[in-house]
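Report on the following structure.
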Amino acid sequence: MSFIRVGSLRQRLLMPRVSAMMAPKGFQTLATLRQSACAIPNADKNDTITSTNPPLSFPCIDKLESRTQALDSGPEPSYDKVVTGYEQFDYDQPFLLDHGGILPKFSIAYESWGTLNEAKDNCILIHTGLSASSHAKSHPKNTKPGWWEEFIGPGCPIDTNKFFVICTNVVGGCYGSTGPSSVDPADNERYATRFPIMTIFDMVRAQFLLLDQLGVNKLHASVGSSMGGMQSIAAAALFPERVSRLISISACARSHPYSIALRHTQRQVLMADPNWNKGFYYKGIPPHVGMKLAREIATISYRSGPEWELRFGRKRAQEDQSPALCPDFLIETYLDHQGERFCLQYDANSLLYISKAMDMFDMSASQRQRLAKQRDQNQHKLEAILNKEQRATDDVHVAQVCRSVMGATSALEQVPQPQVEEGSAVPKDGLAVSGKRQRPLTTLSETDPSTQDLIEGMKVINMPTLVLGIQTDLLFPVWQQKEIAECLRAAGNKKVTYYELDAMFGH
């Protein structure tokens, strides 16, 4: 084994640099050539340095910068003008939310089709997905096609010759319903991230206050897909005596890690946009870049691989041009288009709040017990507001009363409530863990405690139920639809129909 002295090694390492210094003028060593080839163009304004290759152009980045400059001179987009022709239900009383927040009042945008019969028992409530408006079907006040245009109408699957159909924009949204972009009556400023954290159950309670106003005591059916499917299940659990039939499409009984991770990534990308400004962007530039990227991530989960293989394959937008780092493949241009279309049509804070509500959705008995206990512990806040409200003279005073009771801590700084001990009584939702052994399950583990917890939480849902899944769905895969159906059956519901669609269009 041979050894090299340290001094000798240092000498060898320095030789190329010394040789370059001693080389005749006009002569360059290989090391010098490499150094000049890798030099950054215009690194020094006083030197003229040429690169081996010209820098790439980035028209996609230039476009984003141009949009930012254009928005710098104008106000935040008015989201409630994106959809028109809706009706508005105003609830003028303080509204307690599951996690302790209180809205001094709220509004719900809704649209309807068909005629409510004399008995008022032919109403179908349509629940929306995360970013959908109340415009599910065209009508004289808004003739644009709705997002479920082909499914609602005379002779359609949801037949308006027979049924009175109603669809709402959820509380927390931005298409006419109260949400983070709405004005807080306490100070006439946008709520922004002062808006309280809310749940899927909160959205449903608000919808049923609207039904109370319309005189609808019992729904013919509660119908929804995606987040709407969550709402539909929540409605059947919160108000089992008021829901005759349940339809859940591409949803879940509890959010699982994969979907939570996807929505978390979207929120992180959005909040990393400097223009988000912790939610207080309404007087400046909206976080359109973060919204665009968040939508692109979401779109990946909404569509399926087989569909993209058929539509786009590996085709490039311009086969005769050199590859680029901006959108180049057709699938890239598609995602870019989807993000561009969405980034100014929906409020960024609504996306954050509603997607978080989806993450927290869980029909398990223990989780519902915790929320029920939490609501019970926070009931005194509502009572204190109502007592003081009697002396309030207008909306501003009522909102100020709410703020005096709630304090100034924002939703982002709320301290988690203590967890409820197992076996605690449930005061309002009628849940109790029975501990009885359930019959064997076909797709779930009978001995899994979390499965038994979910079964217990769904025992109250006994009405006829249809669960639909799509085999290519990535966001809510069919095993989650089976989980809904099998837990309902194990909980004692003997009228559950489960069906899988073999369509390639994903979520």
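Candidates in the stretch 134-152 are the residues that are open to solvent by less than 30 Å² (accessible area, probe 1.4 Å) and in contact with a Ser or Thr (Cβ under 7 Å, 6 or more places away or on another chain); of these, the one that is farthest from VAL223 (Cα to Cα) is ASN142.
Quickly run through the stretch 86-108 and pick out the residues that are farther than 27 Å from ARG368 by Cβ and of a type outside the set (D, E, K, R). TYR86, GLN88, SER107 - these are the residues of the stretch 86-108 that are farther than 27 Å from ARG368 by Cβ and of a type outside the set (D, E, K, R). Condition (residue is small (Gly, Ala, Ser) and more than 18 Å from the chain's Cα centre (by Cα)) applied to the stretch 242-265: is it met by at least one residue? Within the stretch 242-265, one or more residues are small (Gly, Ala, Ser) and more than 18 Å from the chain's Cα centre (by Cα).
For the condition at pLDDT 95 or above and open to solvent by 10 Å² or more (accessible area, probe 1.4 Å), VAL478 does not qualify. Looking across the stretch 367-390, the residues that are polar (S, T, N, Q) and open to solvent by 40 Å² or more (accessible area, probe 1.4 Å) come down to GLN367, GLN377, GLN379, ASN387, GLN390. Screening the candidates PHE208, PHE201, PHE239 for the property of being within 25 Å of HIS507 (Cβ to Cβ) and at pLDDT 95 or above yields one hit, PHE201. Give the residue, chosen from LEU130, LEU56, that is open to solvent by 50 Å² or more (accessible area, probe 1.4 Å), over 30 Å from ALA384 (Cα atoms) and of a type outside the set (Val, Ile, Thr). Sole residue among the options that is open to solvent by 50 Å² or more (accessible area, probe 1.4 Å), over 30 Å from ALA384 (Cα atoms) and of a type outside the set (Val, Ile, Thr): LEU56.
Go through the stretch 478-500 and give me each residue that's more than 16 Å from GLU456 (Cα to Cα) and touching a residue at least 60 places away in the same chain (Cβ under 8 Å). Give the steps one after another, and end with the answer.
Filtering the stretch 478-500 for residues more than 16 Å from GLU456 (Cα to Cα) gives 478-482, 495-500.
Matches in the stretch 478-500: GLN480, GLN481.
For beta carbons closer than 8 Å, sequence separation of 6+ or different chains, a first residue in the stretch 60-72 that is farther than 14 Å from HIS337 by Cβ and a second that is surrounded by 11 or more Cβ atoms within 10 Å (Cβ to Cβ) and of a type in the set (Gly, Ala, Ser), the qualifying pairs are ASP72/GLY284.
Conditions tested, residue by residue: (1) at pLDDT below 95; (2) open to solvent by 40 Å² or more (accessible area, probe 1.4 Å); (3) within 26 Å of the chain's Cα centre (by Cα).
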{"site": "SER404", "(1), (2), (3)": "yes, yes, no"}
{"site": "ALA411", "(1), (2), (3)": "yes, no, yes"}
{"site": "GLN419", "(1), (2), (3)": "yes, yes, yes"}
{"site": "GLY435", "(1), (2), (3)": "yes, yes, no"}
{"site": "GLY457", "(1), (2), (3)": "no, no, yes"}
{"site": "ALA485", "(1), (2), (3)": "no, no, yes"}
{"site": "VAL496", "(1), (2), (3)": "no, no, no"}
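Does SER364 count as more than 23 Å from VAL82 (Cα to Cα), modelled with pLDDT under 90, among the hydroxyl-bearing types (Ser, Thr, Tyr) and buried (at least 16 other Cβ atoms within 10 Å of the Cβ)? Here the answer is no, as SER364 does not meet what is asked.
Quick check on the stretch 187-225: of everything there that is among the charged types (D, E, K, R) and either within 25 Å of ASP347 (Cα to Cα) or assigned to a helix (DSSP H, G or I) (or both), which residue is nearest to the chain's Cα centre (by Cα)? First the steps, then the outcome.
Pass one, the stretch 187-225, residues among the charged types (D, E, K, R): 187, 189-190, 194, 202, 205, 212, 218.
Applying the additional criterion that residues be either within 25 Å of ASP347 (Cα to Cα) or assigned to a helix (DSSP H, G or I) (or both) yields 187, 189-190, 194, 202, 205, 212.
Working: ASP187: 28, GLU189: 24, ARG190: 20, ARG194: 18, ASP202: 15, ARG205: 19, ASP212: 27 Å.
Among them, the one singled out is ASP202.
For the stretch 173-190, a residue qualifies if it is hydroxyl-bearing (Ser, Thr, Tyr) and open to solvent by less than 20 Å² (accessible area, probe 1.4 Å), and the qualifying residues are TYR175, SER177, THR178, SER181. Residues in the stretch 213-225 that are polar (S, T, N, Q) and closer than 22 Å to MET358 by Cα were compared, and the one that is surrounded by the fewest Cβ atoms within 10 Å (Cβ to Cβ) is SER225.
The values are calculated or read from the model by the stated rules, or taken from the named source; none is laboratory data. Note that this is a predicted model, so its numbers are computed, not measured. Note that we place each Cβ from the backbone using ideal geometry, even for glycine, and neighbour counts take in every protein chain shown. Calculation scope for accessible area: heavy atoms of the full protein, side chains included, ligands and nucleic acids excluded. Shrake-Rupley method; radii C 1.70, N 1.55, O 1.52, S 1.80 Å.
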